[in-house]
Amino acid sequence: MEKIEISQNETEDLFNKLTMQGQGHGYFLNYDEKIAKSLCEALLKNEKRYGHQVCPCRLSAGSREADLDVICPCDYRDPDLLQYGVCYCGLYVSKKIFTEKTPTKPIPERRPNKETRLLNKQKYMEEINQPKDINKLPYPVMRCSVCGYICARTDAPEVCPICGASHDRFQRFF
Amino acid sequence: MEKIEISQNETEDLFNKLTMQGQGHGYFLNYDEKIAKSLCEALLKNEKRYGHQVCPCRLSAGSREADLDVICPCDYRDPDLLQYGVCYCGLYVSKKIFTEKTPTKPIPERRPNKETRLLNKQKYMEEINQPKDINKLPYPVMRCSVCGYICARTDAPEVCPICGASHDRFQRFF
Amino acid sequence: MEKIEISQNETEDLFNKLTMQGQGHGYFLNYDEKIAKSLCEALLKNEKRYGHQVCPCRLSAGSREADLDVICPCDYRDPDLLQYGVCYCGLYVSKKIFTEKTPTKPIPERRPNKETRLLNKQKYMEEINQPKDINKLPYPVMRCSVCGYICARTDAPEVCPICGASHDRFQRFF
């Protein structure tokens, strides 16, 4: 595989961009800047290699479409942050871990295998064209009791991305 | 009650964090920094005393669960900002008051009494497990006509937290 | 028409405010700062003239209510950014154009004529009071597969305003 060089400036730029994007929306890069920046560098290498910033800890399947769920931030980050306080790579950590600088540990892979992913996708695409029933949506809709922000996810976020309210201020809306 | 000391640095940090969290989401701390910072200091004292940043102008019931609706930002801030341009404490003001530096006045307490809160909560918990009807949700869903942001609240926010559009750009969606 | 003077400071302030508001929510001012700032100046002139920041490239009808859909950011910006990578004025450009500094071209006017706008509004106001049907809402609800952000718009945004995920990470939710 050809050697890909990323300058320190490029890495710093991505690190700063992701830090800023996260700030105020309740997402935090690893408090250990060395880890966070080495992952930023790996993302930039993957972008040059594959054309998209695929997760440095997963294997690219070579196409954007096949990698879509593991382009960083991956579809599994938010459930991992809630359950383990850290994403699979360790690029993102929970607010709690960021604040307390708790050492992070490796976590299990949440991504289903390829066959399951394909089946899930097929099922979703079939359902998408069916008449909708508010009682049978694929995700519950959670509501922030402070600002009324609503999002569709298995569990509420750790921090409301709009007003900063904590996880326990969310309730199921429908 | 034991004396709790908060350093000026801690107060400045919270003030800056809340200012930044608010910026770009349409929330503004009191233009009078002396007021805003003394409330930030009181929040930090409450955090040390009770474990959570309960509103400095309300009495803590001693547990996070019982105080949940008045942990800052409280559940009543946004309706108060819309109706009076200021929250109960005066920590947050509307964009209009922030910009024009209008003096703020004390406002009535919107928080229901303990019995009503318990009844409301019971009612909500019962409803939450019922089949949903899009015509009988506990809050209307408002939509920003500029960016499509949707939120579930009695009235639209003063400013769209995503695109900055004004209150009158929102319409009821369902 | 009387001459309205806008100071360079006022223009810089609006430019900085809009840049910051856009940052982190996936909106980008024209990479050509000269263009962006001259449009900011025109918005401030319009504010002094009409009382609201009506789009510099459209004719004000003289009242806030009649201009509501073309107060900047206008109701047509987001579809134009998706289709052409630039808004009608050129104040906003897509992330792609911002990053690559692609020259922008004039785009067609998307705003319907006055009669159609009135008809659309009447229709919306009639529907708003009807019982809702999740299968007959005026806009689809799109969901970000990374963070669960949901918004109601004809097509998903170029960038998720909450987590920064790209357009193709969105799916129809209902």
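The values are calculated or read from the model by the stated rules, or taken from the named source; none is laboratory data. Treat the numbers as computed from the prediction; the structure is a model and nothing was measured. Note that each Cβ is placed from the backbone with ideal geometry, even for glycine, and that neighbours are counted across all protein chains shown.
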Being under 17 Å from the mean Cα position of the chain (by Cα) and buried (at least 19 other Cβ atoms within 10 Å of the Cβ): is that true of C:GLY164 here? no
Those residues of region A:144-158 which are within 21 Å of the chain's Cα centre (by Cα), crowded, with 22+ Cβ neighbours inside 10 Å and more than 8 Å from chain C (Cβ to nearest Cβ) amount to A:CYS144, A:TYR149, A:ALA156
Residues that are within 13 Å of another protein chain (Cβ to nearest Cβ), closer than 24 Å to A:THR154 by Cβ and not acidic (Asp, Glu): does region A:45-59 have at least one?
yes
Filtering region B:119-142 for residues that are within 20 Å of the chain's Cα centre (by Cα) and among the charged types (D, E, K, R) leaves a count of 1
Counting only residues in region B:65-78 that are in contact with a His (Cβ under 9 Å, 6 or more places away or on another chain) and within 8 Å of another protein chain (Cβ to nearest Cβ), the one farthest from B:CYS40 (Cα to Cα) is identified as B:LEU68
Over region C:16-30, the set of residues touching a strand residue (DSSP E or B) at 6+ places or on another chain (Cβ under 7 Å) and in a helix (DSSP H, G or I) is C:LEU18, C:THR19, C:GLY22
Residue hits (region A:75-86; in a loop (DSSP other than H, G, I, E, B) and more than 15 Å from A:ASN120 (Cβ to Cβ)) are A:GLY85
Filtering region B:119-143 down to residues that are loosely packed, with under 13 Cβ neighbours inside 10 Å, farther than 20 Å from B:PHE173 by Cβ and at pLDDT 90 or above yields B:LEU119, B:GLN122, B:LYS123, B:PRO131
Scanning region B:1-58 residue by residue, the ones that are surrounded by 14 or more Cβ atoms within 10 Å (Cβ to Cβ) and of a type in the set (Asp, Glu) total 4
Exercise for the section: Might you let me know whether region A:145-168 holds any residue that is farther than 16 Å from B:ILE128 by Cα, of a type in the set (S, T, N, Q) and assigned to a loop (DSSP other than H, G, I, E, B)? Expected result: no
Taking the condition within 30 Å of B:GLU115 (Cα to Cα), more than 14 Å from chain A (Cβ to nearest Cβ), exposed (fewer than 14 other Cβ atoms within 10 Å of the Cβ) and of a type outside the set (Lys, Arg), does B:GLY62 pass?
yes
(request) Confirm whether C:ILE128 is among the β-branched types (Val, Ile, Thr) and within 14 Å of chain A (Cβ to nearest Cβ). (result) no
Report whether or not A:GLY164 is in contact (Cβ under 8 Å) with a residue 60 or more places away in the chain, within 7 Å of another protein chain (Cβ to nearest Cβ) and among the small types (Gly, Ala, Ser). yes
Residues of region A:75-107 being more than 20 Å from C:CYS147 (Cα to Cα) and touching a residue at least 40 places away in the same chain (Cβ under 8 Å), in sequence order, are A:LYS101, A:THR104
